[in-house]
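To start, the structure itself, in structure tokens.
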């Protein structure tokens, strides 16, 4: 993930100034004590020492504030969280796929062809709608039905809706699970609507499923809340990442979910993120 943009953030320069001044203060105290004990020692080399202190302090400040990959290791629970720029479907381990309560797969009239669930169809199932629908149907067999659309609803696509937060676990490849979670509700006009509360409950459900079936393998999830959920106006990517991480850590403290969580960000969204702030947030999730 590119770190050059972090140099334009106020957080970087604030931390750089703080660490540099702290280093200068340390050397100043050391020099003051040395001068008090050995008054004739410093004056002959005073200018050289001043230049050395300035260089060392600037170097220390830069080292301490230098942008790094956004990730954090935790000991309780024993897990990691990484914020990754890239492709959700190229990550190691299992994958969370955000879907609607109808688990529709038809593109482009019902499902956005650029969305994650459309990519599940086109890239993993090679546009085989029937194979994907059969896998979802089998996975949802024991789930209660929340609603059956009527002919007068004139809904395109699937006619059965499951409860918000329902999880369908499918395995189109060996040792790679896809946890399809309904975090938005679909109406008869094929409009998907989501809420912060609904996404929180859906995440809790999917973490339970990952814990039960994921064998502790890494799990990857895309930034959620925009697109079809239609809540990006008050749930932007920066907040979505914090939201996912917080939900994961709360659930992990009850019982370990996975060895690592990858929160995957598309390249077009990365430029709007404050990576230093995200790193500080992940650090704050460590037990006090």
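Among residues of the range 82-97 being closer than 21 Å to residue 167 by Cβ and in contact with a helix residue (DSSP H, G or I) (Cβ under 6 Å, 6 or more places away or on another chain), the one that is surrounded by the most Cβ atoms within 10 Å (Cβ to Cβ) is 96.
Looking across the range 239-278 at every residue that is in a helix (DSSP H, G or I) and at pLDDT below 90, the one that is surrounded by the fewest Cβ atoms within 10 Å (Cβ to Cβ) is identified as 268.
Applying the selection to the range 210-236, what residues are part of a helix (DSSP H, G or I), modelled with pLDDT under 95 and surrounded by fewer than 20 Cβ atoms within 10 Å (Cβ to Cβ)? Across the range 210-236, the qualifying residue is only 227. Among the residues of the range 179-204, those that are under 23 Å from residue 121 (Cα atoms) and surrounded by fewer than 22 Cβ atoms within 10 Å (Cβ to Cβ) comprise 185, 187, 188, 189, 190, 191, 193.
Matching residues to (1) assigned to a loop (DSSP other than H, G, I, E, B); (2) at pLDDT 95 or above; (3) closer than 21 Å to residue 235 by Cα:
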residue	(1), (2), (3)
155	yes, no, no
163	yes, yes, no
178	no, yes, no
188	yes, no, no
199	no, no, yes
202	no, yes, yes
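Taking the range 101-118 as the range and being over 30 Å from residue 276 (Cβ atoms), surrounded by 16 or more Cβ atoms within 10 Å (Cβ to Cβ) and touching a helix residue (DSSP H, G or I) at 6+ places or on another chain (Cβ under 7 Å) as the test, the residues that pass are 103, 105, 107, 111.
Please verify whether residue 164 is farther than 26 Å from residue 275 by Cα, in the same structural domain as residue 112 (by TED's automatic domain parsing), out of contact with any helix residue (DSSP H, G or I) (no Cβ under 7 Å at 6 or more places or on another chain) and surrounded by 18 or more Cβ atoms within 10 Å (Cβ to Cβ), treating the condition exactly as stated.
no
The values are calculated or read from the model by the stated rules, or taken from the named source; none is laboratory data. Computed from a predicted model, the values in this text were never measured in an experiment. Every residue, glycine as well, gets a Cβ built from its backbone with ideal geometry; the counts of neighbours run over all protein chains shown.
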